[in-house]
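Worksheet: one structure, shown below.
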Amino acid sequence: MEKRPFAELGLSPEALKAVEKMGFEEASPIQTAVIPVALTGRDVVGMSSTGSGKTAAFALPAIERVDAHKRAVQVLILCPTRELAVQVAEEFGKLALFKRGVREVPIYGGQSYERQYRALAAGAQIVIGTPGRVMDMMERGALKLETLAMVVLDEADRMLDMGFRDDIEHILKSVPATRQLLFFSATMPRAIQDLIGRYSKDPEWIKIDSVALNAPQVEQVWFEVDRRSKLEALTRLIDVQDFRYGLIFCSTKIMVDDLDEALHARGYQTDRLHGDLSQMQRDRVMQKFRERKIEFLVATDVAARGLDVDDLEVVFNFDLPNDAEDYTHRIGRTGRAGKKGRAFTFVSGQELYKLQSMVRWARLDVRRGSIPSLDEVDEARTNVFFEKIRSTLEAKQFKPHDRMIDRLLDEGYASTDICSALIHLLQGGAPAKAEVKKPAPSKAAPAEKQAKPAPAWVEKKATLPPANAERVAPSEPELKKASLGQAASLADERDEDEEPPRKSKYERPARTGREPGMATIFLNVGRKQLITPADIVGKIAGVTRLPAGVVGAIDIHQRHTLADVAATEAEFIVKKLAGIKLKGVPLEPALAGAATAE
Ligand code: ADP
Ligand code: MG
């Protein structure tokens with residue numbers, strides 16, 4: 001499909017400067033086709049897939065259309081979700097950077113009316129909003145549409161899916177007949193064709209067949225995975241590829257909650273996005289995700305709709321999406337702006353046929369992959385670690401410790417052994433004698449964990465290791481592998497005694513005193529919040545990035561928890577945890593005391 005330089009599309013110097021500043025080298029096919037037509041004032045129906053650059057395709061002509069001297073609403077963009085409205089508004093802000101006096105305002109539910117009133121009263125010419133809130137503002141008399149010159153329906157198909165049809169029609173009936181109307185949609189169901197037929201005047205139909213702007217950049221792989229093994233498969237793929245930034249799609253809110261919790265407990269930094277969250281919660285999560293304070297966002301389709309984040313490394317379809325459209329929408333979140341992305345899809349049982357028909361229908365380019373074995377996971381972790389050491393050496397990002405090393409060498413240890421011992425310690429290994437712990441009797445699985453049934457995709461491990469099994473504190477990789485004591489069935493490959501005992505390694509029946517070298521941290525959460533040891537270890541490891549091995553015994557009480565941690569890290573951990581939320585409670589950690597030397 002044809003692409004052209006922006007300079008050939010009839011845009012003003014100010015617009016070209018803004019595009020240049022955004023780093024767009026050339027216009028995408030949909031932009032190339034839409035912009036010149038839209039600039040003539042003609043109605044347009046644009047069809048292209050997610051990630052093809054539709055926003056700039058309508059935003060640039062819209063900005064050109066605005067008379068900056070008139071302080072009245074001239075352009076209205078309707079979007080399905082508030083997230084999308086905010087993102088589109090941000091893109092407008094950037095593209096209008098050099099147009100003096102042009103202002104945009106996003107209008108959406110959940111935000112105080114005050115701010116939106118003020119922005120409107122101040123004379124914003126471009127309004128970007130969800131249909132519900134736009135109607136609302138019209139009814140309150142705060143939004144007047146008599147001066148409107150252009151209306152854009154972004155993701156029209158989605159808006160109809162979400163039940164906005166009546167609102168949209170009401171709005172379209174209330175705007176001047178002279179307005180230009182642009183429709184954008186990834187699909188063209190009957191209902192949309194009806195709307196177009198009734199409200200636009202001889203529109204130019206522009207359909208771009210290519211998949212996303214950067215679709216060839218998305219490597220798509222599917223895996224046949226038993227439902228109960230999905231969690232294990234997911235973490236292995238994440239570990240092997242060392243992914244740090246991605247989206248994981250589940251089909252239901254409950255699955256989202258369960259998976260988020262399970263991943264979190266395994267030490268991944270995750271959060272969730274679904275329809276049950278309040279707008280404020282959603283805002284917070286999105287913000288954290290954009291700032292990369294979260295590695296993985298677990299979401300439903302609806303919640304993630306229109307979410308525009310750059311540089312996603314991977315999209316996981318933990319559950320198969322409903323149809324090829326949703327699939328394309330989901331994977332359009334990765335591989336953007338010329339960067340290579342991955343889309344991994346899990347398929348179990350009958351879903352295989354569904355995927356096959358999607359592949360045939362939408363001509364998806366998906367290949368089959370196999371889940372890495374435990375050995376491959378270990379090797380990959382080693383490689384990651386190796387690279388870290390190498391880059392630290394190359395960048396010389398370390399303080400010399402010559403004296404300590406000389407002393408060890410003087411005592412006759414080989415340099416290779418010294419390094420190996422250090423690596424062992426770094427990976428969360430413990431010195432042989434001091435920190436060997438006996439797990440508590442195995443039946444000590446806390447009641448609250450039993451009260452909540454394990455999600456379907458996690459197979460409960462019936463057998464527990466012998467009560468006298470001696471274990472050292474787990475390393476971080478071990479924690480990641482330990483699935484809350486519930487191993488997925490991929491664990492067939494795993495020895496029985498490789499499986500950490502069911503949480504019990506962190507528990508003990510009564511406080512019998514601290515291990516040497518450990519300090520105790522007080523935390524203001526406990527059984528009341530259904531806290532489990534895995535929550536605590538996951539939080540500490542996740543937030544501090546220290547190996548999980550720094551955490552020792554954990555005592556969970558009704559309203560508080562006492563956690564032993566390596567004394568050398570205790571202060572750091574207290575500082576890092578302060579204010580971080582665990583099960584919705586902001587943590588107020590405090591140092592409760594340190595072990596006296598033996
Ligand atoms: P769509 O609305 O079709 O899903 P977006 O407008 O959200 O697509 O654009 C997807 C991504 O591509 C955004 O990150 C956007 O900044 C980027 N983009 C848009 N146009 C171009 C372009 N001409 N060159 C490079 N990147 C672009
Ligand atoms: Mg879009």
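Restricting attention to the stretch 20-40, the residues that are touching a residue at least 24 places away in the same chain (Cβ under 8 Å), away from ligand 2 (no atom under 16 Å from the Cβ) and β-branched (Val, Ile, Thr) total 2.
The C-beta contact set for the stretch 534-547 (first residue assigned to a helix (DSSP H, G or I), second residue of a type in the set (S, T, N, Q), distance under 7 angstrom, 6+ apart or interchain) comprises ILE536/THR561; GLY542/GLN269. Just a yes or no: is a residue in the stretch 343-355 crowded, with 16+ Cβ neighbours inside 10 Å, in contact with a Ser or Thr (Cβ under 7 Å, 6 or more places away or on another chain) and of a type in the set (Gly, Ala, Ser)? Yes: one or more hits.
When VAL105 is tested against (1) away from ligand 2 (no atom under 16 Å from the Cβ); (2) within 25 Å of VAL302 (Cβ to Cβ); (3) at pLDDT below 90, just one condition goes unmet, and that condition is (3).
A quick yes/no check of all residues on (1) of a type in the set (Val, Ile, Thr); (2) more than 12 Å from the chain's Cα centre (by Cα):
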site	(1), (2)
GLN241	no, yes
GLY246	no, no
SER251	no, yes
VAL256	yes, no
GLY267	no, yes
LEU273	no, no
GLN281	no, yes
LYS293	no, no
VAL302	yes, yes
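Set side by side, the residues VAL221, VAL256 differ, and just one is part of a strand (DSSP E or B) and either open to solvent by less than 60 Å² (accessible area, probe 1.4 Å) or at positive phi (or both), which is VAL221. Among the residues of the stretch 114-125, are any within 16 Å of ligand 2 (Cβ to nearest atom) and either surrounded by fewer than 17 Cβ atoms within 10 Å (Cβ to Cβ) or not aromatic (Phe, Trp, Tyr) (or both)? Looking for residues that are within 16 Å of ligand 2 (Cβ to nearest atom) and either surrounded by fewer than 17 Cβ atoms within 10 Å (Cβ to Cβ) or not aromatic (Phe, Trp, Tyr) (or both), one finds none in the stretch 114-125, hence no.
Among the numbered conditions (1) open to solvent by 20 Å² or more (accessible area, probe 1.4 Å); (2) away from ligand 1 (no atom under 15 Å from the Cβ); (3) in a loop (DSSP other than H, G, I, E, B), the only one that VAL37 does not meet is (3). Pick out the one residue from GLU291, GLU325 that is open to solvent by 10 Å² or more (accessible area, probe 1.4 Å) and over 23 Å from CYS79 (Cα atoms). Being open to solvent by 10 Å² or more (accessible area, probe 1.4 Å) and over 23 Å from CYS79 (Cα atoms) holds for just one of GLU291, GLU325, which is GLU291.
Looking at VAL302, VAL240, VAL309 in this structure, which one is out of contact with any strand residue (DSSP E or B) (no Cβ under 7 Å at 6 or more places or on another chain) and either among the hydroxyl-bearing types (Ser, Thr, Tyr) or open to solvent by 60 Å² or more (accessible area, probe 1.4 Å) (or both)? It would help to see each step written out before you state the result.
Working: VAL240 fails: either among the hydroxyl-bearing types (Ser, Thr, Tyr) or open to solvent by 60 Å² or more (accessible area, probe 1.4 Å) (or both); VAL309 fails: either among the hydroxyl-bearing types (Ser, Thr, Tyr) or open to solvent by 60 Å² or more (accessible area, probe 1.4 Å) (or both).
That would be VAL302, the only listed residue that is out of contact with any strand residue (DSSP E or B) (no Cβ under 7 Å at 6 or more places or on another chain) and either among the hydroxyl-bearing types (Ser, Thr, Tyr) or open to solvent by 60 Å² or more (accessible area, probe 1.4 Å) (or both).
Hey, any hits in the stretch 56-78 for a residue that's within 11 Å of ligand 2 (Cβ to nearest atom), within 25 Å of the chain's Cα centre (by Cα) and assigned to a helix (DSSP H, G or I)?
Let us first name the residues in the stretch 56-78 that are within 11 Å of ligand 2 (Cβ to nearest atom), namely 56-59, 77.
With the extra rule that they be within 25 Å of the chain's Cα centre (by Cα), the set shrinks to 56.
Now drop any that are not assigned to a helix (DSSP H, G or I), which leaves 56.
There is at least one residue in the stretch 56-78 that is within 11 Å of ligand 2 (Cβ to nearest atom), within 25 Å of the chain's Cα centre (by Cα) and assigned to a helix (DSSP H, G or I).
Residues are listed down the side, and each one gets a yes or a no for (1) part of a loop (DSSP other than H, G, I, E, B); (2) free of Cβ contacts under 8 Å to residues at least 24 places away in the same chain:
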site	(1), (2)
ARG133	no, no
GLU146	yes, no
VAL152	no, no
LEU160	no, no
PHE184	no, no
ALA191	no, no
GLY197	no, yes
ASP202	yes, no
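For the structure I just gave you, tell me whether ASP166 is assigned to a helix (DSSP H, G or I) and free of Cβ contacts under 8 Å to residues at least 24 places away in the same chain. Yes; evaluated as a whole, the condition is true for this residue.
Filter the stretch 87-113 for residues that are within 16 Å of ligand 1 (Cβ to nearest atom), open to solvent by less than 40 Å² (accessible area, probe 1.4 Å) and within 22 Å of MET159 (Cα to Cα) and give the result.
First, the residues of the stretch 87-113 that are within 16 Å of ligand 1 (Cβ to nearest atom): 87-97, 104, 106.
From what's left, open to solvent by less than 40 Å² (accessible area, probe 1.4 Å): 87-89, 91-93, 95-96, 106.
Passing the criteria: GLN87, VAL88, ALA89, GLU91, PHE92, PRO106.
For SER185, state whether it is within 16 Å of ligand 1 (Cβ to nearest atom), among the hydroxyl-bearing types (Ser, Thr, Tyr), open to solvent by less than 10 Å² (accessible area, probe 1.4 Å) and at pLDDT below 95.
Here the answer is yes, as SER185 does meet what is asked.
GLU90 satisfies every condition listed in (1) out of contact with any Ser or Thr (no Cβ under 7 Å at 6 or more places or on another chain); (2) in contact (Cβ under 8 Å) with a residue 24 or more places away in the chain; (3) within 14 Å of ligand 2 (Cβ to nearest atom) except (2).
The values are calculated or read from the model by the stated rules, or taken from the named source; none is laboratory data. This one's a predicted model, so the numbers in the text were calculated from it and none came from an experiment. All Cβ positions, even for glycine, are placed from backbone atoms using ideal geometry, and neighbour counts span all protein chains on display. Ligands, DNA and RNA are stripped out before the accessible areas are found, and what is left, the full protein with its side chains, is counted by its heavy atoms. Shrake-Rupley method; radii C 1.70, N 1.55, O 1.52, S 1.80 Å.
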